[in-house]
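Down below is the structure, laid out as structure tokens.
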Amino acid sequence: MQNDSDRFFVLTGGPGSGKTTLIEALRKADFATLPEAGRGIIRDQMAIGGPALPWNDPALFAELMLSWELRSYQAALEQKGPVFFDRGVPDTLGYLRLTGLPAPDHVRNAAERFRYAGRVFIAPPWPEIFGQDSERKQTLDEAERTYHALAGVYTELGYELVPLPRAPVEKRLRFVLAETGLQSG
């Protein structure tokens, strides 16, 4: 792995498609991982009565998403070896596209500047495991539209999409490790 971006692997896709479960499995296999912005921001904003919730102020939510993802990228630079991200900077562009909001130049610039490995893992919609909770209020239809928005953004940015199989987490873990040429510790 020559550049930092070569060791930075993104897992993206719509909500409720098993990304975070796979990230947790990678963490348990001793790989460095970084959490998703959305749930963390929602949890924090709900705790403090903040306005940056996707159902209250989607533009402000997107700004916090971008800030979170940039901070995650900086944290990954301090790690040795491969790092797996539960979403990446381009996800903010996907969110803006999904919500019909314009993408400010600084968000586009960030997505072009802060690069990841050329192959991005994308979790397809998976109705059998999809669920809602106090932080995930999207419908299955919205999850599917999110998937398509993200697929479009990452493709436009020159990434190759690698669809994750709809399979138990252990099989998904083996798939990711095989596709990246990595072995678990």
Only one of (1) among the basic types (Lys, Arg); (2) touching a Pro at 6+ places or on another chain (Cβ under 7 Å); (3) modelled with pLDDT under 95 is not met by ARG7, so which one is it? (3)
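Inspect all residues belonging to the stretch 132-145 and state whether any of them is among the charged types (D, E, K, R), more than 25 Å from PHE31 (Cβ to Cβ) and modelled with pLDDT of 95 or more. Steps first, please.
Of the residues in the stretch 132-145, the ones among the charged types (D, E, K, R) are 133, 135-137, 141-142, 144-145.
Of the ones still in play, those that are also more than 25 Å from PHE31 (Cβ to Cβ) are 133, 137, 141-142, 144-145.
After this cut, where a residue has to be modelled with pLDDT of 95 or more as well, the list is none.
Checking the stretch 132-145: not a single residue is among the charged types (D, E, K, R), more than 25 Å from PHE31 (Cβ to Cβ) and modelled with pLDDT of 95 or more.
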In this structure, is GLY81 in contact (Cβ under 8 Å) with a residue 12 or more places away in the chain and over 11 Å from the mean Cα position of the chain (by Cα)? yes
Among the residues listed as GLY118, GLY94, GLY88, the single one being touching an Asp or Glu at 6+ places or on another chain (Cβ under 7 Å) and either buried (at least 21 other Cβ atoms within 10 Å of the Cβ) or over 24 Å from SER5 (Cα atoms) (or both): GLY88
Please work out which one of (1) farther than 16 Å from GLU36 by Cβ; (2) touching a residue at least 24 places away in the same chain (Cβ under 8 Å) is the condition ALA62 fails and give its number. (1)
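Take the residues in the stretch 146-168 that are among the β-branched types (Val, Ile, Thr) and either in a helix (DSSP H, G or I) or under 13 Å from the mean Cα position of the chain (by Cα) (or both), then tell me which one is farthest from PRO102 (Cα to Cα). Walk me through it before giving the result.
Looking only at the stretch 146-168, we keep the residues that are among the β-branched types (Val, Ile, Thr), and these are 146, 153, 155, 162.
When the remaining residues are screened for being either in a helix (DSSP H, G or I) or under 13 Å from the mean Cα position of the chain (by Cα) (or both), the result is 146, 153, 155.
Details: THR146: 16, VAL153: 14, THR155: 19 Å.
My answer is THR155.
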Which residues, counting only those in the stretch 137-183, are out of contact with any strand residue (DSSP E or B) (no Cβ under 7 Å at 6 or more places or on another chain), of a type in the set (Ser, Thr, Tyr) and without any contact (Cβ under 8 Å) to a residue 60 or more places away in the chain? THR139
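The values are calculated or read from the model by the stated rules, or taken from the named source; none is laboratory data. Given the structure is predicted, the values throughout are model-derived calculations rather than measurements. Because the Cβ atoms are built from the backbone with ideal geometry, glycine has one as well, and the counts that use them run over all protein chains shown.
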